[in-house]
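Inspection log for the structure reproduced underneath, given as structure tokens.
The values are calculated or read from the model by the stated rules, or taken from the named source; none is laboratory data. On a predicted model such as this, the values are computed, not experimentally measured, just so you know. Cβ: placed from backbone, ideal geometry, glycine included. Neighbour counts: every protein chain shown. We work out accessible area using only protein heavy atoms, side chains counted, and drop any ligands, DNA or RNA first. Shrake-Rupley method; radii C 1.70, N 1.55, O 1.52, S 1.80 Å.
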Amino acid sequence: MRVVYLFVILCLVSFSGLAQTDLPTTQPLKIEGDRGVKENPNQGTALKLPAIIDLKPTTNLRDSLTARQINMLPTRNLVQAGHDLKLDPKIREKEKEGSKTFFGDMYLGDIKSNGKFVGILCRDHEYVDGDRVRILLNDVVVEPNIFLTAAFKGLNLDLKKGFNRIDFEALNQGTSGPNTAQVDVYDDQGKLIHSNMWNLSTGSKATIIVIKE
């Protein structure tokens with residue numbers, strides 16, 4: 001009886017061993033991504049492109065604005081504002097009427113500047129009606145004909161030691177005289193040093209004296 005029981009146990013153990021060798025011994029494959037790399041949803045599998053939202057502008061807006069300074073150096077290659085403005089041909093007929101009041105020469109004051117030059121800017125500060133002026137420096141014509149618009153336009157004038165006389169001669173009175181303008185004077189550092197206005201009849205002059213010590 002004891003022999004039979006031992007035989008049964010050996011048979012069960014052998015059967016169990018054969019059963020275990022027939023069963024698959026594979027283990028589930030565990031795939032983990034690299035958590036340290038953040039995928040960009042805009043990237044493909046072949047070509048990796050940088051995300052647009054990660055790009056930072058290289059231009060400093062504040063620096064670009066402050067870099068726009070007034071240039072008081074000669075810019076004869078620039079086109080003056082209003083150069084292509086077309087006037088009504090009837091304006092010249094209206095100019096003949098002019099203003100019934102005569103406006104003679106005006107003295108706009110004297111200023112001191114030790115710079116190499118001054119910048120002269122002028123504009124029609126009232127109704128833009130076709131006013132034109134001639135600019136002279138020490139009795140020499142430096143600008144024969146400037147058409148005055150609402151925008152400032154002008155030029156740089158070299159200074160000599162002593163007195164420098166700047167004259168603005170009215171060439172007409174526009175369609176609604178007199179000839180009117182605002183004139184600003186800047187030193188060679190771009191600083192406003194004088195400002196005034198004139199009312200002139202045709203042929204009259206407005207004068208500024210710049211003294212260079």
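Using the structure shown, decide if Thr180 is among the β-branched types (Val, Ile, Thr), within 18 Å of Phe102 (Cα to Cα) and in contact (Cβ under 8 Å) with a residue 40 or more places away in the chain.
Details: among the β-branched types (Val, Ile, Thr): yes; within 18 Å of Phe102 (Cα to Cα): yes; in contact (Cβ under 8 Å) with a residue 40 or more places away in the chain: yes.
Spelling it out, Thr180 is indeed among the β-branched types (Val, Ile, Thr), within 18 Å of Phe102 (Cα to Cα) and in contact (Cβ under 8 Å) with a residue 40 or more places away in the chain.
Out of the stretch 104-130, which residues are on the phi > 0 side of the Ramachandran plot and either surrounded by 14 or more Cβ atoms within 10 Å (Cβ to Cβ) or touching a Cys at 6+ places or on another chain (Cβ under 7 Å) (or both)? So that I can check it myself, show each step before the final result.
Just the residues of the stretch 104-130 that are on the phi > 0 side of the Ramachandran plot, to begin with: 109, 130.
Within the stretch 104-130, just Gly130 meets the criteria.
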If you take the residues in the stretch 110-148 that are basic (Lys, Arg) and in contact (Cβ under 8 Å) with a residue 60 or more places away in the chain, which one is nearest to Thr175 (Cα to Cα)?
Lys112
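Does Val133 satisfy the condition of being crowded, with 18+ Cβ neighbours inside 10 Å, modelled with pLDDT of 95 or more, of a type in the set (A, V, I, L, M) and under 25 Å from the mean Cα position of the chain (by Cα)? Spell out the reasoning first.
Values: crowded, with 18+ Cβ neighbours inside 10 Å: yes; modelled with pLDDT of 95 or more: yes; of a type in the set (A, V, I, L, M): yes; under 25 Å from the mean Cα position of the chain (by Cα): no.
For Val133, the condition - crowded, with 18+ Cβ neighbours inside 10 Å, modelled with pLDDT of 95 or more, of a type in the set (A, V, I, L, M) and under 25 Å from the mean Cα position of the chain (by Cα) - is not met.
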Within the stretch 149-163, does at least one residue satisfy the condition of being aliphatic (A, V, I, L, M), in contact (Cβ under 8 Å) with a residue 60 or more places away in the chain and closer than 21 Å to Gly104 by Cα?
no
Restricting to the stretch 194-207, name every residue that is part of a strand (DSSP E or B) and among the hydroxyl-bearing types (Ser, Thr, Tyr).
Ser195, Thr207
Given the conditions (1) over 26 Å from the mean Cα position of the chain (by Cα); (2) open to solvent by 40 Å² or more (accessible area, probe 1.4 Å); (3) of a type outside the set (Val, Ile, Thr), every one holds for Ser201 apart from (2)
Run Thr149 past the list (1) open to solvent by 20 Å² or more (accessible area, probe 1.4 Å); (2) farther than 17 Å from Gly203 by Cα and report the number of the one that doesn't hold.
(1)
I'd like the full set of residues that are surrounded by fewer than 21 Cβ atoms within 10 Å (Cβ to Cβ) and closer than 16 Å to Leu148 by Cα, limited to the stretch 183-194.
Asp184
